Amino acid sequence: MAVKVDDTVIEEAKALARFPYLAEFDPEAATTAVREVVKEAGSPVGPESLLQNVFLKLGWDKSETPAGAQDGEEEKDEEAADEDGEGGEGEAADEGEGAGAGEDEEDEDEEAKAAREAAAAAAAAPPVVSNNAMDVWKVLVGPDEAAEADVRAVMARMAVRLRGYGEPQLRFATGVMEGEGGTGLSEADLWAAITACAPRPLEGVQLTHLRRLWRTAETWLPALPEEEEAAEEEEGAAEAMAAAKQALEEAKAGPRRVTSESWLGLLAEDEFAASLLLPEVEVPKEDAPEGGADEDAEDEDE
């Protein structure tokens, strides 16, 4: 059965398509940035500034002091040093120097005054800041700047609007929810990832099945590749088999917890759960031709 993408999701995807920098979305870099911001903030929940910190790390927002401000400060320091030097020399100089020297000092004073005024104006200028994060925040969270949201969930929703539904976006969502170092997923964090990445509303028996899957995820162990002997004869397969065996032994020895990897591994082995969360569904970013979508649907029904 074809999945109908929610109208709100489509409208949000169209809005995000107006921001060309989002075409550079890299799940790996975004995961690292989100984890760093959450670690620095001490909480994933906060105002728009959390999202802006993620954007700053990704280079989607800029925050820098104008070059003139720094140059002005350096000129100001140099002038102060020159004035101190001139003062010392003035005390030791002969008071009977001619009028020409006095005119030079007046010119220098005017130049120094102009330089100081320019430096003060540059230092007072506000930092140059681009706030692309606010545009995305307004699309995915709302126009209220005082609102708070989980920045991990916001990024997961953004990934779906940009790339559509499917395993890569679910992997990204569980990865940012899990945090740094494979510390594990709480049930609440996993449900937040599922909510952001499920291509259709979940209810009844579907929710019950996923909750049961969650309970078994703690005891899940990675499977070894099939046909071990034949696989080892293939180029590079021996190294893959060794890595798989090591991962299995580490999973057996380590504390049992639900990680992004264990959840996705278990999900892939469960046909019903996979049918709920892993279908690849494109999110339309352009309006369909009038009557085109309906006519296609009717053709499929026939």
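Where a number appears in this text, it was derived from the coordinates with a stated rule and is not lab data. Not measured: the values here are computed from a predicted model. Cβ sites come from the backbone with ideal geometry, for glycine too, and all protein chains shown count toward neighbours.
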Highest mean first, what order results for 166-176, 274-284 on Cβ atoms within 10 Å?
-> 166-176, 274-284
Please list the non-local residues whose amide H lies under 5 Å from the amide H of A149, H modeled 1.01 Å from N, same-chain partners needing a gap of 5 or more.
-> G46
The extension gain from A147 to A15, computed as 0.36 nm times the residue separation minus the Cα-Cα distance, is 45.5 nm
If you plug each phi of segment 139-144 into the Karplus form 6.51 cos²θ - 1.76 cosθ + 1.60 with θ = phi - 60°, what whole-Hz ³J(HN,Hα) values come out, in order, with x for Gly and Pro?
-> 6, 9, 10, x, x, 6
Fully extended, how many nm does the chain gain between E239 and D6 (0.36 nm per residue separation, minus their Cα-Cα distance)?
-> 79.5 nm
Karplus (6.51, -1.76, 1.60) ³J(HN,Hα), θ = phi - 60°, over segment 156-168, in Hz, Gly and Pro reported as x | 5, 5, 4, 4, 5, 5, 7, 10, x, 7, x, 4, x
Those residues of segment 139-167 whose amide nitrogen sits under 18 Å from the label point placed on S49, 7 Å along Cα→Cβ | 144-152
